[in-house]
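The values are calculated or read from the model by the stated rules, or taken from the named source; none is laboratory data. Predicted, not measured: the structure shown is a model, and the values here were computed from it. Ideal geometry is used to build each Cβ from the backbone, glycine not excepted, and the neighbour counts take in all protein chains shown. When the accessible area is computed, the model is the full protein with side chains, heavy atoms only, and any ligands, DNA or RNA have been set aside. Shrake-Rupley method; radii C 1.70, N 1.55, O 1.52, S 1.80 Å.
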Amino acid sequence: MFPPVPPLDDRSQLIREHMPLVELVVQRMTPQVPSFMTKEDMTSAAMVGLIDAANKFDATKGVKFKTFAEYRVRGAILDEMRKLDWFSRSMRDKQNQLTQTMLRMERLLGRSPEEEEMAVEMGMSLDDYRTLLAEVSHLGCVSLHETLDHTEDGRSFLDSLEDVGGPTPSELIEKQEMTRLMAEILDELSEKERLVIALYYYEELTQKEIAEVLSVSEGRVSQLHSQALLKLRVKLINSDLYEP
């Protein structure tokens, strides 16, 4: 049996009261979507999700509407993202080029290369390199939620950073080594890269809010985010804990 549909006036009120949720979810998801998906695309999809949530909300289930609506809004944006072909081949190729170049430079220099060194190695200007970072930052493969080996059940960056529960004795040594490695990796990031990671993943600020904190443009935040996660990925691939 289908849940009762809320009266039209109630649905309209729910939508009006939760309009700010649309903007909040769009801001938070901006770094996770492809560059060809505009903010207008996201907002439009988010509104569809909010309306759908208002139509399907069942207060008798004991779930707050905000929680239910946020789930629906995020889902609507993700659905729209898939329609727009999230994993475009050209962007994936560019991201792989960046990863391979940084792997090569890391092994040559014995440290994470700077933006200027990466640009020289790739035969492009610093501005062009930063533009490339901004482009690939919208791919799922430069997210802390992306698995290292691109499988559905593989270990993700976020798994390496989070304490997801008490480890078994056999996992304890590996966990301690991973913690040490992640501390070393974060130490090698620039101050602004560390701040972007901390503010976005731990403080859950939006890209716009981070830009205000750092007194830089939103585009620069996107570049710093991409560069930081690229360094994290390369360091983990180079470590003994990474098993392809």
Of the residues that make up the stretch 220-238, is at least one charged (D, E, K, R), outside any helix (DSSP H, G or I), open to solvent by 20 Å² or more (accessible area, probe 1.4 Å) and modelled with pLDDT under 80? no
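Rundown of residues vs (1) under 29 Å from residue 91 (Cβ atoms); (2) of a type in the set (A, V, I, L, M); (3) at pLDDT below 85, yes/no style:
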| site | (1), (2), (3) |
| --- | --- |
| 5 | no, yes, yes |
| 9 | no, no, yes |
| 13 | no, no, yes |
| 20 | no, no, no |
| 27 | yes, no, no |
| 54 | no, yes, no |
| 63 | no, yes, no |
Does the stretch 60-70 hold any residues that are in contact (Cβ under 8 Å) with a residue 12 or more places away in the chain and either among the hydrophobic types (A, V, I, L, M, F, W, C) or loosely packed, with under 15 Cβ neighbours inside 10 Å (or both), and which are they? 60, 61, 65, 66, 68, 69
With the checklist (1) open to solvent by less than 10 Å² (accessible area, probe 1.4 Å); (2) closer than 22 Å to residue 192 by Cα; (3) within 16 Å of the chain's Cα centre (by Cα) in hand, flag the one item residue 34 doesn't pass. (2)
Name the residues in the stretch 37-52 that are at pLDDT below 85 and crowded, with 18+ Cβ neighbours inside 10 Å, would you? 37, 41
Among the residues of the stretch 180-207, write down those that are surrounded by fewer than 13 Cβ atoms within 10 Å (Cβ to Cβ) and modelled with pLDDT under 80. 180, 183, 184, 187, 202, 203, 204
Top-ranked residue in the stretch 47-70 [being farther than 19 Å from residue 24 by Cβ and not hydrophobic (A, V, I, L, M, F, W, C); ranked as farthest from the chain's Cα centre (by Cα)]: 60
Could you tell me whether any residue of the stretch 98-109 is part of a loop (DSSP other than H, G, I, E, B), open to solvent by 30 Å² or more (accessible area, probe 1.4 Å) and basic (Lys, Arg)? no
Given the criteria at pLDDT 85 or above and buried (at least 18 other Cβ atoms within 10 Å of the Cβ), does residue 214 qualify? no
